[in-house]
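The values are calculated or read from the model by the stated rules, or taken from the named source; none is laboratory data. Here the structure is a predicted model, which is why all the values come from computation and not from measurement. A quick note on method: Cβ atoms are made from the backbone with ideal geometry, for glycine too, and the neighbour counts reach across all protein chains shown. Surface accessibility is based on the protein's heavy atoms, side chains included, excluding ligands, DNA and RNA. Shrake-Rupley method; radii C 1.70, N 1.55, O 1.52, S 1.80 Å.
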Amino acid sequence: NTSTGYRVFRCRGEGACIAGPAQSCGDGRRGLACGECISGMYRKKWDCHACAEAQGAIAAGSFLLGMPLLACLHTTLNQPTMRQGVVKMEMGLAVSMAFSMLASLQAISTVSIGWWNPISHLFSLANLVSLDLEGAGVGCMISSSPIATFAATLVALPIFAAALAAVHKALAASKFATGGWPTVVNTIGSLWSLLLTMLTLRILMPMRCVGNVADVLTLHDNPSIICYSTSEHRTLLFLSAGAFVVFVVGGFALSVWVALQQRTFLTQDRGWVLVAARFLFCRFKVEHRWGGVLLLIRNIGVAVAPVLFSDSPALQLLVMFAIFLTWWALLVSGRVTRRSPMAHKLDWMLSLVLLLSVFAIGLLVE
């Protein structure tokens, strides 16, 4: 407003801005559009929560407790298929597909529309796989600045790889050895492919700018950050672009290269590469070696849609609908076939649920 010298920004989240003098914010909030939390609090979705007194100790304890689980997961993922047994293999595939569905629901929940409360509560289940370190209170241990919390998310990935390498070395020195170092790559690849939708969404968050007022764009997840014109956002963009190239494009390019060279590796006695890339091929029949790559394309596409069309919910839903429809058609037609008949049927049923969900949500868009 030129007469008062103030500019008015739209807040996000119920209770973020309150009635009162200019720049009045709800409890625990501060900053432009009341989009940040005060010191001693951390942001989870749109709410600010008080930091626990022993937040660092809780995080360290969770990390140490997670090491045995990581060892168990690493051992399970690298067991020979014949030793796993049909029931155990199908249960593992069912869990991974349910997890993948939650990730897809989390991506759908980011579509730029106002959700009814019952639907919003349903989507809260998908927050279990959101990879939201800010919502886990990482800002209480380092800094609450958006750059610090985003960088912590990116650093967490190499830390996980280092922890897995330590677990593998400990297992290799015991009777629970799981094979050579290619098995470590397979475990990382398995979790990477499983979390790819949420990982891509999290990495691309700084690129998702939406209109706030007039010609001003702010971040969809943090309206206190003005896009492109501030050094804070430019730093986030730099980190985001680098992480996308390394963690998403790099991993996908390697997967395509291995799928292209699969038969060459078999004839040249380079089976260790296929052990490392087992996560690409073990879920699909041998003749459908591209199934793993196509699944990666589906997971990346679902995450990229909300970013490419930030201000157009209709286009976001249309692209997601096309992706889910294509994957479902590939499964039903037999162009892509899971190794387990039960897993194959479950996959196309879950895909159909996602397809119908997107269609129903599309009816909410004006």
Qualifying position, being farther than 21 Å from Gln79 by Cα and under 22 Å from the mean Cα position of the chain (by Cα), among Asp221, Asp215:
Asp221
When residues of the range 94-125 are filtered for being modelled with pLDDT under 75 and either assigned to a loop (DSSP other than H, G, I, E, B) or not small (Gly, Ala, Ser) (or both), how many remain?
12
(1) within 24 Å of Leu191 (Cβ to Cβ); (2) more than 21 Å from the chain's Cα centre (by Cα) all hold for Gln268 apart from (1)
Please tell me if Pro158 is farther than 26 Å from Thr218 by Cα, free of Cβ contacts under 8 Å to residues at least 60 places away in the same chain and either within 20 Å of the chain's Cα centre (by Cα) or open to solvent by less than 20 Å² (accessible area, probe 1.4 Å) (or both).
yes
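Per-residue answers, yes or no, for (1) buried (at least 18 other Cβ atoms within 10 Å of the Cβ); (2) in a helix (DSSP H, G or I); (3) in contact (Cβ under 8 Å) with a residue 24 or more places away in the chain:
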{"site": "Leu296", "(1), (2), (3)": "yes, yes, yes"}
{"site": "Val319", "(1), (2), (3)": "yes, yes, no"}
{"site": "Leu325", "(1), (2), (3)": "no, yes, yes"}
{"site": "Ala329", "(1), (2), (3)": "no, yes, no"}
{"site": "Val332", "(1), (2), (3)": "no, yes, no"}
{"site": "Val336", "(1), (2), (3)": "yes, no, yes"}
{"site": "His344", "(1), (2), (3)": "yes, yes, no"}
Spans of helices (runs of 4 or more DSSP H) in the range 208-292 with at least 1 residues open to solvent by 50 Å² or more (accessible area, probe 1.4 Å) and modelled with pLDDT under 85
262-267, 271-276
Selection within the range 196-220 - more than 16 Å from Pro313 (Cα to Cα), polar (S, T, N, Q) and in contact with a strand residue (DSSP E or B) (Cβ under 8 Å, 6 or more places away or on another chain):
Thr218
For the range 308-317, what are the residues that are of a type outside the set (Phe, Trp, Tyr), over 22 Å from Val256 (Cβ atoms), open to solvent by 20 Å² or more (accessible area, probe 1.4 Å) and out of contact with any strand residue (DSSP E or B) (no Cβ under 8 Å at 6 or more places or on another chain)?
Ser312, Pro313, Ala314, Leu315
Taking the stated definitions as given, is Gln23 modelled with pLDDT of 75 or more and either of a type outside the set (Asp, Glu) or open to solvent by 50 Å² or more (accessible area, probe 1.4 Å) (or both)?
yes
